[in-house]
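Right, one structure below, let's go through it.
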Amino acid sequence: MPFDRSIKIAPSILSADFANFGAEIRAIEAQGADWVHVDVMDGHFVPNLTFGPMAVKAFRPHVKTVMDVHLMIAPVDPYIDAYAEAGADVLTAHVEAGPHIHRTLQAIRGAGMKAGVALNPGTPAEAVAHLLDLADLVCVMTVNPGFGGQKFIDMTAKVRSLRAMIGDRPVHVEIDGGVDPVTAPLVAAAGADVLVAGSAVFKGGSVDAPEVYGRNIEAIRAAADGAGAA
Ligand code: DX5
Ligand code: ZN
């Protein structure tokens, strides 16, 4: 996975049909998704519950691009090997999920995956200042995690600070929550390169009408590309 700073659209399958993940993943990839974002929730770190490593492993053969697994769980460390075994390409843990995020990022890389670190809206950019040489991705949450379809919280100042802190390191800045064609240009201009979008991609479409996914993805991409990184 060579480093690429161009805009990447990562549909979140949290907004997919939960009885039909394989076909949904194939449909979004055929319609131009760059990465596939997989939201793992434990009903403890966040007030919602999705799926675990066995389901993620079942998704793997359907994902031809990049499987981007976002862990909203605590603790993280006991499950790292299971997500490596499940075939995650990027494994992201929250800085708020425990006292030893530094060790967690080392363990994720040690298990052969790209390491991501996520920040809740209330957590400052500085929380990752000493982690940037251990991380391949910083995920800036623009909603409080747990549910799709929430209203975007403006974190553009945080994104700008992070890009300045990251400098020329090969670290992605991902935005997660409330991304649509209106909000995408704001975060792209601030320096984000991976845009997660759940409801804005799946809205109005289905595996029987996948061209709607394609139009939704392209609307977000066009809006973000038009903004240009500042
Ligand atoms: C929220 C998840 C997001 C979510 C985004 O806790 O991490 O990935 O699916 O959904 P939208 O794009 O609908 O805000
Ligand atoms: Zn997510």
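The values are calculated or read from the model by the stated rules, or taken from the named source; none is laboratory data. Everything quoted here is computed from the prediction, not taken from an experiment. Methodologically, a virtual Cβ is constructed for each residue, glycine included, from the backbone with ideal geometry; neighbour enumeration extends over all protein chains shown.
Listing for the model above:
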read-out: Count of the range 72-92 residues which are more than 16 Å from Leu137 (Cβ to Cβ) and in contact with a Pro (Cβ under 8 Å, 6 or more places away or on another chain); value: 4
read-out: Filter result for Ala192 (at pLDDT 95 or above, out of contact with any Asp or Glu (no Cβ under 9 Å at 6 or more places or on another chain) and more than 18 Å from Lys151 (Cα to Cα)); value: no
read-out: Flag if Asp136 is at negative phi, touching a Lys or Arg at 6+ places or on another chain (Cβ under 6 Å) and not hydroxyl-bearing (Ser, Thr, Tyr); value: yes
read-out: Scope the range 1-56; condition surrounded by 15 or more Cβ atoms within 10 Å (Cβ to Cβ), of a type in the set (Asp, Glu) and within 16 Å of ligand 1 (Cβ to nearest atom); matching residues; value: Glu24, Asp34, Asp39, Asp42
read-out: Restricting the range 1-48 to residues that are in a strand (DSSP E or B) and among the aliphatic types (A, V, I, L, M), the residue that is farthest from ligand 2 (Cβ to nearest atom); value: Ile9
read-out: Residues that are surrounded by fewer than 17 Cβ atoms within 10 Å (Cβ to Cβ) and either in a strand (DSSP E or B) or touching a Phe, Trp or Tyr at 6+ places or on another chain (Cβ under 8 Å) (or both), drawn from the range 189-230; value: Ser206, Ala209
read-out: Residue, nearest to ligand 2 (Cβ to nearest atom), within the range 153-188, restricted to residues that are crowded, with 18+ Cβ neighbours inside 10 Å and in a loop (DSSP other than H, G, I, E, B); value: Gly177
